[in-house]
Every structure is written in C-alpha cells, then in structure tokens.
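Below is one structure, written out as structure tokens; comments come after it.
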Amino acid sequence: MSKRTSQKQAATAQTAEVCSFYLGNGLFGLPISHIVEIVGGARPENVPLAPSFVGGLVHYRGDVLTAVSARKLMGMPPLEGKVADLLVVESGNGYFGLIVDSVREVLTVDHGCFEPNPSTVHERAKTLFTGAYKLKDKLMVMLDRERIDPLELAKAS
Amino acid sequence: MDELTREFLIESQEGLDRMERCLTDLESRPGDTELLADIFRSVHTIKGTTGFLGFKRLEKLAHSGENLLGLLRDGKLTAEPHIITGLLELLDGLRSILRIVESSDSEGDGNDSELIARLDELQKPASAAKSLQTDEMAALTSSQVQNPLLLAIEQTRKQAEASAAKAAPAAASKHVASAPATNSAAESTLRVDVALLNQMMNLVGELVLTRNQVLQATASDPKMTLLSRRLDMVTADLRESVMKARMQPVSNIFSKMPRIVRDLSQQLGRKVKLEMEGQDTELDKSLLEAIKDPLTHAVRNSLDHGIEMPEKRIAAGKNPEGTLKLRAAQEGSHVLIEVSDDGAGISSQKVRDKAIERGLITAEAAAHLPERELLNLIFLPGFSTAAAVTSVSGRGVGMDVVKTNVEKIGGKVEIESRMGKGTTLRLRIPLTLAIIPALIVRSLEQSFAVPQGALSELVHVSAEQISQGAIEWIDNAALYRLRGQLLPLIFLDRMLTAGKGGRMLEARDIFIAVLDADGRRYGLIIDSLADPEEIVVKPLSAALKDIGVYSGATVLGNGDLALILDPGAIAAKAGVSLNAEEAEAQTDEAVHEDNRGTEYLLVEVAQRRAAVLLSDVLRIEQVPISRIEYIGIRAVLNLDGQLLPIEDAGEILQAVHDEMQIIIVVCRDGERQVGVAVTNVLDVAAGSELFEAGSTQVASGVILLKDRVTSIVDLGSVTALEMNQQAAEPWNMYSPALVENTQ
C-alpha cells in the first residue's frame, strides 16, 4: 500500500494527503501514507504500570498493538464521555495505535502551506511535531510519525 | 551465502547427526553392515559436495574419513572402540569446519593434518596385518575383555610397526557409485521456514478467537447453529494440523544423548547402559530447543552424581553396569520426560546439611520440611552436592538452571529419589507455547490471565473472615496461614496501581491464588474469578516489556483483551525471595508458642462432625454417585485408574439418589490411599489436644476443634481391599468412647 501511495506522491509532488483529526479544539495531522486503518469506537484495554503515554492495548487483526494516547502525549486531560477513534499506524517497528478524539477527514494539502516548527514552540512539543500546514480556517499541526512510535517514546523517557 | 552452500550446510548437518546416531549404535553392533553403509554415505555425500563447492579443507578431511569407513564397510577392519573414537573425532572436526563455513562463508585456515594422520593410522591394520591381529586376539583373551581400549591402542601401535602401510584408499572409490539413494522420505517431505509456521500459528490463533466470537454471537440463531458448528470443527482441526506441523519427535534431542553418555562414562570410568523410550513423542520445535540444555544437564548429573563406579556397584550387589533411562510420553496436554538412573540416590539428609551449610535455609526451617521438600532444595540456586567440583557437573550452577529453564516454558520439574535405588527427574513440558491454559481473574475492574502452570490452589476468604483477622501482618507484609504455613501475600491491585501497601484492608470477599514460580511461593490477592480458558499468547510490544509484570496479552472469548500475568516477575518485583524461609521459620515458632496445634479438616458425616488430620488429606473429590462401584459389599472408586476403598461410616452412599454428587475426602494412610465419604466439608481448623480427666494422658482419637470435642477419623481401621471384605460397623472407625460427645 505504501508503495502505491509513494508513487502517487511522486507524481503529484506539490501536494500531500494528510489524515486530520481533533484533540480537544486543536487540529492535528499525520501523512495518510503510513496509516493502515482508522478504527472507530476503539476500546483500548488499560495497562497498569505502563509508561504515561500509553493509552492501552488494542486488538488488531490477530496482533495486540500498543496504543499511544495522543491526549496523554500532549499532557491533556482524558477525554470524558465520548468514544475515541483509533489510527493504526505503520512504523519501522511494526504497527502501533494512536488514540485521538475523532478523525475529521483526509485532506489534500499543498506543500507550499507547510511551515516547520517556530522557535517558540516548547522543546518537548518540538520533538513530537514536524511543523504545521496553514489551512484556511486554522492550523493543522503535523505529528512526527517516527517520534510518536511507542518504542521511540519509551527510549526517550 | 548462496543458496547452494546453504542447502549443503543443512544437508551436511543432517547427515552428521545421522552419523552420530549410527556411530553410537555401531559400538553395540560393530558388525552391522547397514549402519556402516549409512555412515559411509553421510561422509561420502559431504566429500562429494565439498569437492563441487571447492571447500578443499573439508574435502581432505572427509576423504581420509571415507577411506577408513570404506575399510570398515568392506569388513577389512572391525569397528573397535578406538576406531569409533577416531570417527567421532572426525565428526567433530567436520562439524567445526561447517560451523566456520556457516558464519564466515569460508573454511577458515585451521590445520587438520593431525586428525588426518590419526585417521590414516587407524586404517593400517589392513589385510596384511590380519593374521597378526587374530594371533594376538587368541593370545590375549581374558585381559582384552577387561580393557579393550588399552589393548586396541597397543595393537594399533604394534601393527603400525609390523606392517607396511598397505592402506587401501582405492577400495573406497570403487564403491562410490554403489551408494544408493534411500531417501524416499525426502520426496514426501518439505522444508518449511519456521517463521512461516509461526505466522500460520498466529493466524490460526486469530481464527480461534473469531470462532469463539461467532459461536457466542450465533448461539441463539438456529439457522446459524449448523454452520457455526462446522466452523468450530474445521477450526479445531486446522489448529491441530498447524500445531502438528511444528511438532518434532523428541528423538531429535534424545539422539544426542548416546554420544554424551559414551564420552562421559569413559571420562568418568563408569559403565553405563543407556535406554531410551518413546522417542517418537512429539513436541513443539521451540520447546524442544528449550529443553535441550536442561535435559543434557540432567543426563550429565545422573552420570556424575547418580551412577556409582563399577566397584562400588558390585559392592552394593548391583550390576556393575549402571542403567540410565530416558523416557518420553505424552500425558494429556503435557509431555513427560523422565531421566532415571539406578544409581546411589540422593540422601535427603545430605541435601539438608548442604543447604544449611550454604546458608540457603536455616536449620530450624529445614527441620520442619518433609522429606519430599528436602529433595527440592537441590533446585535452589547455589546448590551442589558433589563433594568435589568436577569438570562434568557440580559447579554450583546446576539443577536450578534446569528448573528455571523448564519453568520458563511453562513446564515443571519433579525429583524423586530412593537411597541406593536411584533417582528420577521428571520434566513436564506443555505441548505448545502459543496456546496455554489460564485462569482469568479480575482485579481493578479488568481481566488478567494467570497461567495454570504456576497456579497451585485457590483460596476464598470472605469479608467476615477478613474482619476476624484471617489476614495477618508482620510490619507491612500481609500473610495468610495456609495449613499452618505462612504464605506471603501480594495485593494485585495495589501492585498495579503502585499504591503504598498500608495495613488497612477493607473487609471484602477476596480470592487468594496460591502461585508457585521460580521457587517462590506466594498468594496473589484478586477480586474475583472468571472462567478458565485456553488462551492464545500474543507478545507485548517492547515498549511495555520493561514493566516486567506481564508476559503477554491475549484476546478472550468475549473479545476483551486481557494481560497475562508473569507470576515469577510479580514475585521478584514484590520482593518475595527464596530465603523467605527465615521469616517463615520464626513465625512458625510463634505458632507453636501460641499452642494452636495441628490443623484438621472438619467434615460432616451424616449430621455428625468428624475430623481428619489435614496433612493426611490429599484432595477432596466431588463425584457422581454412579461412579461408586462395589466389590462385594465394599464400595470403591476408580480414581485415575487407581482403586480407592471408600469408607462410608455414615451410610451416605445409601441415602443419595442416582444423579447426586457425593464428596469423597481422599486421604493418605501410610503408603495407601483411602476415601472417606462425607456429607459436607465444613472448615479447616487448628485443634488442641485433650487430656483425660485426672491424668496427663493425652486422649487418643479426639481433638478439641472450634471449642467442640470432635472425633478423628481413624484411617488405619479402613479395611484394605485385598482383605476378606466385611462390612465395617458404622462408626467403629472412630474412637467408640466419644461418639456420644461429638454433638
């Protein structure tokens, strides 16, 4: 799948496809090329004693994936009274889950609208974000897929 | 490395494995031409292929071996022990070069000329020397039998001097063409990558889960029942087939043993006969790999510490040749592997003294241990009974490694020994790793799986018992008195929330899962129990492995995820240590000062209360009345193939209906076992002795239990089965004088 999309990307080098999602009021994004599946209404199983960024375990096609809670990662309070969405993300170490409030849509964005992290962004946030796309209504902050891999997060902490 | 070399390596290794088996067989049947031909073929194949691939060093070595084997095959030489030793050296030489090829893709620049010279030397007693050989044979009859090895060396030397080197390498090449291809099995089998098999197993595991969910979802729909039943069957069959594909016969590791036994017994000067049984018993490949080392170690131990020197054996009236038995058999979902010898046995006294000397246990604690437990001390790390450290075993790392390795794969180790008769080590290995039986427990509103292998029993403690102090404390450590022994407790919820363990414990119903892991015994406190389930083990991401408390995760039948608890890691994390005995011993004394006395099982037999010494109780069985059979008028129960005489003093068996369950307390009475039919099992309580009025004589047959005088069941009076059966008078098994007082 990633092969096909990368060919597509090469053909339309000016644009990128991004899966956008909400965390609280903020809009965030991940390149669609490494998202394997979007699962609605996931119920992650809590893992006692796990590192703080772990949102739980999810069952995905015969494997048990570690899911990163995007809210916990950003230091936001847990989502109350709503079912979260789950992104299954492909990384160098296999698959992992990313728990977000809700997925908005898949956007085609122009590379020209992209800007790297401004220097005022907090140090920790800098390691998680690659930068932001300036959309018409608001900013979409891009997460760094490699950095939010649970293995990398475990190493960093 | 190219495909051709890889193929060559695999093929050669298989060939050499076969050769090793044949060589040790050859020792007992030196004239077996078929064996010789088989060995010859293995070496010849290697030689042929190496020439083709350009491995000059291998070719040279194999060539000189082939020459020797050719002579043997053609009957020009007999396979005497020194020749077999030479061939085994050849085997090791070839193996080590193959290893170098495997790691570096080249043969390395080692020098084999010494080995080749030795092999050439062995070829020398050829046809010219034959007459000399027979002469010597005749001349040295009796002493030769005594020490064939020495003589053989002597012979070789003499012959080397006497005869011109009429080696016959040509003879070998003549037979090259006739090496027949008997690998008919090769056509019906296929090499499969283990990774692919693992993946298949994973997918089957997934299918099993999906099936479980489908079965639950369609249970109420009659139209789907037939379909889902079919799915159920196909899934079960598929799972079995995939598991079978991963199975390998234990002969794969058993076949290494003759060589080890041969080499070691020579080195140690012992005479040992190796017997193997059940070699086609199959085990999952990964498990087979995992028990290879423990098994080798057990065999070495038996040879080194078990079987005595021949003189000693003769003095003890035994056959000078010791027997080492390897036995494998499937028992339900486990494979049992036994290593037994008819050696000196292990002295439990010695074990105890050693353990005390090494500081592994205190003398007080040891005094309380029953015989069987004493033997288990040899599994403690740092234990070794060998008086002197030898190169074979006895470096202080020994049985504990066997135990940990076997427990790591969910197996169990047991040891049994009788002084002067021998020792038996039993390894109980699960058939497969990927699917294990587990008990699902609840804590923190979550499900957790506890592997059944570590679980020894479950204890329910009611809120009422807790408020009465069933859980006791030493400082901040919670303890529970399990049959007089203090069991350290770990609160699962507190451990998982990293909560500080204060003394407070609200009175609520709890369960204690008594776990045995890595030599640590403790009780894990959980909220409630769910069903036992066969779970498919899924590995956890490396990011979670550091937590250490979980060994994996699984998907339950209802679709929920559950973490699999690792009993060993929990014990280690909570600081339950192996030397917890010390604390135990101290508190044991406290118990005695308390004069709580021994514990009894309080039962109800037809509205009367009676007691059985708890240490005599093996288990409590609930069986349908239909399983009780009669020999004459004596009631018996066929329990796992053993006939148990049932004492029915309360005439309970007569009183129940056909479909009812009855409770049988299985007790130990010396060597035999008897069953006692009871109406109800009431409690376990400590009893105190009663003194007969006006004297200091302890009243026999009764005990003060929960402030009531209770009679003790006299197991000795239960008539044995062999005896001429007579109906026991009701209650005459109890002390007659006190029957009146029991209510």
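Listed values, structure above:
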quantity	calculated
Single unsatisfied condition, B:Thr225 versus (1) closer than 22 Å to B:Asp560 by Cα; (2) open to solvent by less than 60 Å² (accessible area, probe 1.4 Å)	(1)
Condition check for B:Val261: assigned by TED's automatic domain parsing to the domain that holds B:Leu287, at pLDDT 80 or above, within 30 Å of B:Ile429 (Cα to Cα) and assigned to a helix (DSSP H, G or I)	yes
Among residues of the range B:244-256, those that are hydrophobic (A, V, I, L, M, F, W, C) and surrounded by fewer than 19 Cβ atoms within 10 Å (Cβ to Cβ), counted	2
Selection count where residues are surrounded by 21 or more Cβ atoms within 10 Å (Cβ to Cβ) and modelled with pLDDT under 90, scope the range B:323-340	1
Among (1) touching a residue at least 12 places away in the same chain (Cβ under 8 Å); (2) within 13 Å of chain B (Cβ to nearest Cβ); (3) more than 19 Å from A:Lys155 (Cα to Cα), the one test that A:Gly92 misses	(3)
The range B:526-542 residues that are within 14 Å of chain A (Cβ to nearest Cβ), paired with ones that are open to solvent by 40 Å² or more (accessible area, probe 1.4 Å) and of a type outside the set (S, T, N, Q) (beta carbon under 6 Å, 6 or more apart)	B:Ile526/B:Phe511; B:Asp527/B:Arg442; B:Ala542/A:Leu151
Check on B:Glu472, more than 14 Å from every other protein chain (Cβ to nearest Cβ) and open to solvent by 70 Å² or more (accessible area, probe 1.4 Å)	no
Unique match (being at pLDDT 85 or above, more than 18 Å from B:Leu561 (Cα to Cα) and open to solvent by less than 10 Å² (accessible area, probe 1.4 Å)) among B:Val441, B:Val514	B:Val514
Residues that are surrounded by fewer than 19 Cβ atoms within 10 Å (Cβ to Cβ), part of a helix (DSSP H, G or I) and in contact (Cβ under 8 Å) with a residue 60 or more places away in the chain, drawn from the range A:107-150	A:His111, A:Gly112
Unique match (being open to solvent by 70 Å² or more (accessible area, probe 1.4 Å), in the same structural domain as B:Val702 (by TED's automatic domain parsing) and modelled with pLDDT of 75 or more) among B:Glu659, B:Glu604, B:Glu621, B:Glu629	B:Glu629
Hey, B:Arg41 in a helix (DSSP H, G or I), surrounded by 21 or more Cβ atoms within 10 Å (Cβ to Cβ) and not aliphatic (A, V, I, L, M) or not	yes
Residue list for the range B:483-504, filter: at pLDDT below 85 and either buried (at least 19 other Cβ atoms within 10 Å of the Cβ) or within 22 Å of B:Arg619 (Cβ to Cβ) (or both)	B:Arg483, B:Gly484, B:Gln485
The range B:1-28: number of residues that are in contact with a Leu (Cβ under 8 Å, 6 or more places away or on another chain) and surrounded by 13 or more Cβ atoms within 10 Å (Cβ to Cβ)	12
Within the range A:34-89, strands (runs of 3 or more DSSP E) holding 3 or more residues that are in contact with a Leu (Cβ under 8 Å, 6 or more places away or on another chain), buried (at least 21 other Cβ atoms within 10 Å of the Cβ) and within 13 Å of chain B (Cβ to nearest Cβ)	A:54-60, A:63-69
Those helices (runs of 4 or more DSSP H) lying entirely in the range B:333-380 with at least 3 residues among the charged types (D, E, K, R)	B:348-357, B:371-376
Candidates B:Ser347, B:Ser302, B:Ser286, filtered to the one that is buried (at least 18 other Cβ atoms within 10 Å of the Cβ) and of a type in the set (Ser, Thr, Tyr)	B:Ser302
Matching residues in the range B:64-82 - criterion: being touching a residue at least 60 places away in the same chain (Cβ under 8 Å) and either open to solvent by less than 10 Å² (accessible area, probe 1.4 Å) or on the phi > 0 side of the Ramachandran plot (or both)	B:Glu66, B:Leu69, B:Gly70, B:Leu71
Single residue of the range A:95-123 satisfying the filter (under 17 Å from the mean Cα position of the chain (by Cα) and among the hydroxyl-bearing types (Ser, Thr, Tyr)) that is farthest from the other protein chains (Cβ to nearest Cβ)	A:Thr108
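Table: residues versus (1) open to solvent by 60 Å² or more (accessible area, probe 1.4 Å); (2) modelled with pLDDT under 50; (3) away from chain A (no Cβ under 12 Å).
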| site | (1), (2), (3) |
| --- | --- |
| B:Ala569 | no, no, no |
| B:Lys573 | yes, no, no |
| B:Glu581 | no, yes, yes |
| B:Glu589 | yes, yes, yes |
| B:Asn595 | yes, yes, yes |
| B:Tyr600 | no, no, yes |
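The values are calculated or read from the model by the stated rules, or taken from the named source; none is laboratory data. As the structure is a computational prediction, the values presented were derived from the model and not from experiment. FYI the Cβ positions are ideal-geometry reconstructions off the backbone, even for glycines, and counts take in every protein chain you see. These area figures cover heavy atoms from the full protein model, side chains too; ligands, DNA and RNA do not enter into them. Shrake-Rupley method; radii C 1.70, N 1.55, O 1.52, S 1.80 Å.
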